[in-house]
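Read the figures in this text as sums done on the coordinates, not as results from a lab. No experiment lies behind these values; they were computed from the predicted model shown. Every residue, glycine among them, receives a Cβ derived from its backbone with ideal geometry; neighbour counts consider all protein chains shown.
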Amino acid sequence: MSLFGLGARQPTSAEKISAVENELKVIAEMHTRMIKICSTKCLDKTYREGELSKGEAVCLDRCSAKFFEAHQKISDQLQQQQQQQQGGGGRF
Amino acid sequence: MSLFGLGARQPTSAEKISAVENELKVIAEMHTRMIKICSTKCLDKTYREGELSKGEAVCLDRCSAKFFEAHQKISDQLQQQQQQQQGGGGRF
Amino acid sequence: MSLFGLGARQPTSAEKISAVENELKVIAEMHTRMIKICSTKCLDKTYREGELSKGEAVCLDRCSAKFFEAHQKISDQLQQQQQQQQGGGGRF
Amino acid sequence: MDAGLTNAEQRELENRLQKRQVKEFMNLFSGLVDNCFVSCVDDFTSKALSGRENGCLSRCVLKSMTTQTRLGERFAELNQAMTAEQQGKQ
Amino acid sequence: MDAGLTNAEQRELENRLQKRQVKEFMNLFSGLVDNCFVSCVDDFTSKALSGRENGCLSRCVLKSMTTQTRLGERFAELNQAMTAEQQGKQ
Amino acid sequence: MDAGLTNAEQRELENRLQKRQVKEFMNLFSGLVDNCFVSCVDDFTSKALSGRENGCLSRCVLKSMTTQTRLGERFAELNQAMTAEQQGKQ
């Protein structure tokens, strides 16, 4: 998920740290959003049980795989659209 | 939308930059919120079509105009209430 | 709500400021979340009246007390779980 | 809350807290606008707010302000009670 | 918007605004992914996206992009009109 | 992830990552409290949590923790697989 490509110029120390930090921030935020969305999709909200049921656990596994796939797919689609509009050179 | 009035004292360099930055931040966040709210109000969520219908497009235009008007109106109302409470001098 | 315990080493100036700042940030965010959640639970969303009804006001008072209690209870529960897993020394 | 700060640290802290207050204030304002707009505006046959929508927004702002003030008072009481209890335990 | 900045201040400001743009862009991207995923994906009998889900996601992205562009234009117009009006009052 | 950092840069980065971890942790905690409160507490005829509400909160916290752990493992696997795939393409 290399979203922040550094240019040709030698990056400064602060820029290098920022680039790694940003990349990890993007990943951490994606993780948090996945927990929120897949919990809403998969968990029984009455909380009559404190344990995950088998069905809930399987649903969470599939939901996370689909979320990753959708993320990647949408990122690719936007990149493609941008390249078409700009005649190449777009980045995501 | 001048939310961050600077006082009588000569502002420092950092303060001037912060003031402009804050104003643009407020505008950018308002933009993001408008996209979220008006999309919810206007778009057909089944996504059977990838194009905006005429009805959706018109709805988005009107929703954005109403959102701006409401924003302005509420800001004025709060300012007025604050001035009544403080006997003048309130700012937003 | 002492979430950010400082270690045995003498803390630096920046660390001390950060610790107090973080504590206040946690409290402020909790306040904002409480307003959002208890408004949703208690207010009549048609806004036919501009005044809080007696019922709404009492509901807000009880909701805020329950929110605080739940916050404390959940914080204790997580701390206990962490201590069981780590064999003591967990912090929240 | 007293972390044994020097005067200079205290000033720096107050500076940051003021920025935080502005941020909190803006967050509350945005939340209020969004909530009242979502609750009150649902007619997109014209691009200007109707009389009904204007009235609803105005009442929503009033009620939200009263709510924020009331919950602010409750929050301060509850926070104080909890802090006192925690210090009693130590 | 002109706050009488020096050249150095202007550069520092542009630097920060660029960071803000990246942040706004990421926020819009995350919001788009979340909204399209929530709207389009509801079948958890397999761990790969189905053809129907893929189609829905693809149309959702297209429509969301058009929406963002359209609302961006409207926003710029409305913001300009409001700024002009406020300056007329001063 | 290796961006050719010097030791000093590596330390600064670790410092920032630790702050990020604290922030992520607080975000997860707030999300958990809000979600469990919204799901479990709906009776405002008294100001203390009822036995039923307490039980519901307790089970909600347990289930949410298990969910977070499980999704954390899945996330790490998926992220690793994706990174490997991207490096294969280069």
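Rank the residues C:Ile74, B:Ile37 as a footprinting-exposure proxy: fewest other Cβ atoms within 10 Å of their Cβ go first.
Ordered from fewest to most neighbouring Cβ atoms within 10 Å, C:Ile74, B:Ile37 come out as B:Ile37, C:Ile74.
Other chains near E:39-46: what is the mean number of their Cβ atoms within 10 Å of each residue's Cβ?
Mean partner-chain Cβ count within 10 Å for E:39-46: 5.
For the residues E:Leu5, F:Leu71, what sequence is obtained by ranking on other C-beta atoms within 10 Å, fewest first?
Ranking E:Leu5, F:Leu71 by Cβ neighbours within 10 Å, fewest first, gives E:Leu5, F:Leu71.
Considering only Cα-Cα distances, which of the following residue pairs are longer than 18 Å: C:Lys36/C:Lys66; B:Lys73/E:Lys89; F:Lys19/F:Lys63; B:Lys41/B:Lys66; A:Lys36/E:Lys23?
F:Lys19/F:Lys63; A:Lys36/E:Lys23, as the Cα separations exceed 18 Å there.
Would you calculate the volume per residue, in Å³, of the smallest convex hull containing every Cα atom of segment F:7-89?
Dividing the Cα hull volume of segment F:7-89 by its residue count gives 122 Å³.
Using the charge dipole of the protein assembly as shown (Lys, Arg: +1 at Cβ; Asp, Glu: -1 at Cβ; taken about the Cα centre), state which of B:Ala14, A:Met34, D:Ser39 has its Cα farthest towards the positive end.
D:Ser39
Average partner chain C-beta neighbours within 10 Å, per residue of E:75-88?
Mean shielding count: 3.
How far is B:Val26 from the same spot in each other copy, in nm, shortest first, if each label point sits 7 Å from Cα toward Cβ?
3.1, 3.1
Taking the Cα atoms only, what angle lies between the long axis of helix D:7-40 and the longest principal axis of chain D, rounded to 10 degrees?
20
From the label point of D:Gly88, set 7 Å from Cα along Cα→Cβ, how far away are the matching label points in the other copies, in nm, ordered shortest to longest?
Computed spacing set for this position: 6.2, 6.3 nm.
Please order C:Met34, D:Met65 by the number of other Cβ within 10 Å, starting at the fewest.
Numbers: C:Met34 23, D:Met65 17.
Fewest-to-most Cβ neighbours within 10 Å comes out as D:Met65, C:Met34.
How far apart, in nm, are the 7 Å Cα→Cβ label points at E:Gln10 and D:Phe25?
The modelled label-to-label distance comes out at 3.1 nm.
Rounded to the nearest 20 debye, what is the charge dipole size of the protein assembly as shown about its Cα centre when +1 sits on each Lys and Arg Cβ and -1 on each Asp and Glu Cβ?
400
Give me the aspartates and glutamates in straight-line cross-link reach of D:Lys47: C-alpha distance below 17 Å, same-chain residues under 8 apart excluded.
Within reach: B:Glu56, B:Asp61, B:Glu69, E:Glu73, E:Glu77.
In straight Cα distance, which aspartates and glutamates are under 15 Å from A:Lys16, not counting same-chain residues fewer than 8 positions off?
Qualifying aspartates and glutamates at Cα under 15 Å: F:Asp2, F:Glu9, F:Glu12, F:Glu14.
Across peptide B:15-24, what mean number of C-beta atoms from other chains lies inside 10 Å of a residue's C-beta?
5
With only alpha-carbon atoms counted, please give the Rg and Dmax of the protein assembly as shown, in Å.
Answer for the protein assembly as shown, Rg first and Dmax second: 24.7, 68 Å.
Could you state the angle between the C-alpha long axis of helix E:51-89 and the longest principal axis of the C-alpha atoms of chain E, as a value from 0 to 90 degrees rounded to the nearest 10?
Helix E:51-89 and the main axis of chain E meet at about 20 degrees.
State, to one decimal in nm and shortest first, how far the label point of D:Val22 sits from each corresponding label point in the other identical copies (label point: 7 angstrom along Cα-to-Cβ).
2.4, 2.4
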